[in-house]
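S.K.: One structure is given below, represented as structure tokens, and several questions about it will come after.
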Amino acid sequence: MLQPEAFGAEPSGERLARIRRSPHFEDGVFQNPGGTARTRPSGSMLDFAKVFLDKDTRPLRAPRGTVPVHATTLADLAKPPATGLRVTWMGHSSVLVEIDGHRVLFDPVWGERCSPFPFAGPKRLHPVPLPLAALGPVDVVVISHDHYDHLDMPTIKALAGTDTVFAVPLGVGAHLEHWGVSADRLRELDWHEDTKIGGLTLTATPARHFCGRGLRNTQHTLWASWVVAGEEHRIYHSGDTGYFEGFKDIGAAHGPFDATMIQIGAYSEFWPDIHMTPEEGLRAHLDLQGGAPHGVLMPIHWGTFNLAPHPWAEPGEWTKEAAEEVGQAVALPRPGEPFEPAGKLPAEPWWRGVSGTVRRTWRAMGALAAEPGVRKGLGHTD
């Protein structure tokens, strides 16, 4: 009774029984593909604190000026996409996808902070591109996992008053019911399970991450990436994940994709198993597409919150450069800027006008990755 409402609720009853029957639940917790993933910073906390609080690099983790948000309007979204597929990045991992006559909203976070408390925690570095009420009807809201920067209680409570359906990983429905979403509007899936909503098929696919909102991280809710297939188009949203070989299997089973939304921000050498660098994100996209450049890659999970030691603009610069090196089409929209993957792609490095100089440290990372025993990357070191 004393815990904040934003902590949500633990699964119980038949939901908990279903979790325990999952082939991915073992020894009392959900398991990652490929075995255990480090979910807490590796190395000493002193080393981590030195990096995170460094007086020279800390200012680079936020923009120096006002982020040029595209003020999304009803006019932007009222006209159906000419190609049948339109993507609007709302910042971080929140994306509106209009696909084959349906509207899908991924990981909607409209709150000011990704935190259980309104007075503490990472705060937005740019405003939301438009009010949630101005978004218009949404057919399905897709949640990747229950961390605060992906599952935002105020946003869910606002959407609970609409007719939308929620597709969530196993166990996450407990939080949503606690916040007022009726059970009949929940589609709660284990990995490799799918559900049909209107003319869309949504499939929960594996990811390499973890979960937890409260003081006790019981690992009783699953994390997932998502495939959404319509009559003509297929898309993929990675949620949060480290790189793993399973991207190839997902691509073989569900690809290729017209567009992928891949997490490329909040990475660090302190937690290499659970988030991807832009280089790894590009590799994941290529795996999903059968090993060769195809479709459009849109980077997500960057630019909106300060969650890692890397410079604020580095994910954009690194993704742009890595994609260009292999000839992969990449979309780099400002938050709120709609685009159609089959049309002209936003490619302007808009972040440069409000960021400090980004040193290309990933060249050194590429050299390190070539060392024996370290994962080899796509980058080079010249």
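The values are calculated or read from the model by the stated rules, or taken from the named source; none is laboratory data. Everything numeric in this text was worked out from a predicted model, so none of it was measured. Here Cβ is always computed from backbone atoms with ideal geometry, including for glycine, and neighbour counts include all displayed protein chains. Surface accessibility is based on the protein's heavy atoms, side chains included, excluding ligands, DNA and RNA. Shrake-Rupley method; radii C 1.70, N 1.55, O 1.52, S 1.80 Å.
S.K.: With the requirement that a residue be open to solvent by 10 Å² or more (accessible area, probe 1.4 Å) and in contact with a Leu (Cβ under 6 Å, 6 or more places away or on another chain), what does the stretch 195-206 give you?
M.R.: Hit for the stretch 195-206 is THR195, nothing else.
S.K.: Looking at the stretch 126-182 only, could you name the residues that are small (Gly, Ala, Ser) and at pLDDT 95 or above?
M.R.: SER144, ALA158, ALA160, ALA167, GLY171, GLY173, ALA174, GLY180, SER182
S.K.: Now, a different point. Taking interchain pairs and intrachain pairs at least six residues apart, which have beta carbon atoms under 6 angstrom, with the first residue in the stretch 285-299 and over 12 Å from LEU345 (Cβ atoms) and open to solvent by less than 10 Å² (accessible area, probe 1.4 Å) and the second small (Gly, Ala, Ser) and not in a loop (DSSP other than H, G, I, E, B)?
M.R.: Close Cβ pairs (under 6 Å, with a partner that is small (Gly, Ala, Ser) and not in a loop (DSSP other than H, G, I, E, B)) amount to LEU288/GLY251.
S.K.: Give me the residue from the stretch 56-75 that is part of a helix (DSSP H, G or I) and aliphatic (A, V, I, L, M) and, out of that set, farthest from ALA308 (Cα to Cα).
M.R.: Checked the stretch 56-75; the qualifying residue farthest from ALA308 (Cα to Cα) is ALA75.
S.K.: Any residue at all in the stretch 169-179 that is of a type in the set (A, V, I, L, M, F, W, C) and open to solvent by 20 Å² or more (accessible area, probe 1.4 Å)?
M.R.: Within the stretch 169-179, not a single residue is of a type in the set (A, V, I, L, M, F, W, C) and open to solvent by 20 Å² or more (accessible area, probe 1.4 Å).
S.K.: Inspect the stretch 347-368 for any residue being farther than 26 Å from THR57 by Cα, at pLDDT 90 or above and not in a loop (DSSP other than H, G, I, E, B) and give the result as yes or no.
M.R.: No - not one qualifying residue is present in the stretch 347-368.
S.K.: Also, quick follow-up: Would you mind finding the one in HIS147, HIS192, HIS209, HIS220 that is open to solvent by less than 20 Å² (accessible area, probe 1.4 Å) and either of a type outside the set (Val, Ile, Thr) or assigned to a loop (DSSP other than H, G, I, E, B) (or both)?
M.R.: None of the others qualify; the one that does is HIS209.
S.K.: Next question. Can you find a residue in the stretch 124-135 that is β-branched (Val, Ile, Thr) and under 28 Å from VAL354 (Cβ atoms)?
M.R.: yes
S.K.: Can I ask one more? Check whether at least one residue in the stretch 230-244 is of a type in the set (D, E, K, R), closer than 30 Å to VAL51 by Cβ and assigned to a loop (DSSP other than H, G, I, E, B), and report yes or no. Walk me through how you get there before you give the answer.
M.R.: To start, the set of residues in the stretch 230-244 that are of a type in the set (D, E, K, R) comprises 231-232, 234, 240.
Next, only the ones that are closer than 30 Å to VAL51 by Cβ stay: 240.
Subset that is assigned to a loop (DSSP other than H, G, I, E, B): 240.
Yes, the stretch 230-244 contains a residue that is of a type in the set (D, E, K, R), closer than 30 Å to VAL51 by Cβ and assigned to a loop (DSSP other than H, G, I, E, B).
S.K.: Taking GLY281 as meeting all but one of (1) within 20 Å of GLU314 (Cα to Cα); (2) part of a loop (DSSP other than H, G, I, E, B); (3) touching a helix residue (DSSP H, G or I) at 6+ places or on another chain (Cβ under 8 Å); (4) not hydrophobic (A, V, I, L, M, F, W, C), write down the number of the exception.
M.R.: (2)
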